[in-house]
Each structure stands twice: as structure tokens, then as C-alpha cells.
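The values are calculated or read from the model by the stated rules, or taken from the named source; none is laboratory data. Worth saying up front: this structure is predicted, and the values here are computed from it rather than measured. For neighbour counting, all protein chains shown are included, and Cβ atoms are generated from backbone atoms with ideal geometry for every residue, glycine included.
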Amino acid sequence: MVGVGTDDAPAVMPGQTIAGTDPIEFADLIQEGRETFRTVSREIVDVKEDVSTALVALTDTFETANVVITDVGRNAATYAAGDMPEPVVVPTNGEALGARFHARVALIYAIETGLTRDGAVPEEIAVEFAGGTP
């Protein structure tokens, strides 16, 4: 149906055409809605799995941190009593405890291992700071 339009719309001059919009088929609209619903459902399932994995990793990190803190406290008490404690081993499978350090740790590890030679003898080094004291 053609109507008068709005006061802001330009008048159509003789020989010009009015741009129109094709009608939407209701069946097409329903099909698009189904596809959108399926996509959203898949995304929700994926996010749920990601959150579940993150929670497991976070729980493991808290448990590891608790064990390390307990062991460090025990070692501090042993050292304060004048005995030599056993070193505390942090069971992290080669990963940093905090995710924000992963990239930094990986880069430092790559640099350090790139500077080593197989079979090299350990060397003593001295570190001097610009201010004269560490």
C-alpha cells in the first residue's frame, strides 16, 4: 500500500521510483528464529563448559596455594627453631600459579633456555646494581 509518507520525506518527482522493502515471509522469520536459538544454545553450552573448566582450575590453584602456604609456615617454624627445613616444592606442572603471569613466565623460560648450552659447567656470577646496593 502506498501512503502519503512523512513531512520530512522528499517528494517523488515524475519518472522517479519509491524504494520499497520486500515483505517478509513468516516461515522464513520462524526459520531464522530457530537458527538463532540453536546458535545461542550452543554458545551457552560452550560458555558453561569453559566456566566449569575454569572453576576446576581455580579450585586446584587454591588447594595448591593452601598446601604451599602451610608448608612455608612449617618451614619458617623449623628454621626459627634452629633447624634446616626441607625445601617447599610447588606442584604446578611447570605453570605459574597466577594466570596473569603465564605469558611472562613462558617468555622468561624461552629466553633463559635459549641462553643455555647442554653439558655446560655451572658458573658463579656477581650481580651489581646501579645504586651500589641491592
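Restricting attention to the stretch 30-81, the residues that are of a type in the set (Lys, Arg) and under 26 Å from His102 (Cβ atoms) total 1. Of all residue pairs spaced 6 or more apart or on separate chains, those with beta-carbon atoms under 7 Å, a first member in the stretch 34-62 that is at pLDDT below 80 and a second member that is not in a helix (DSSP H, G or I) are Thr61/Leu97.
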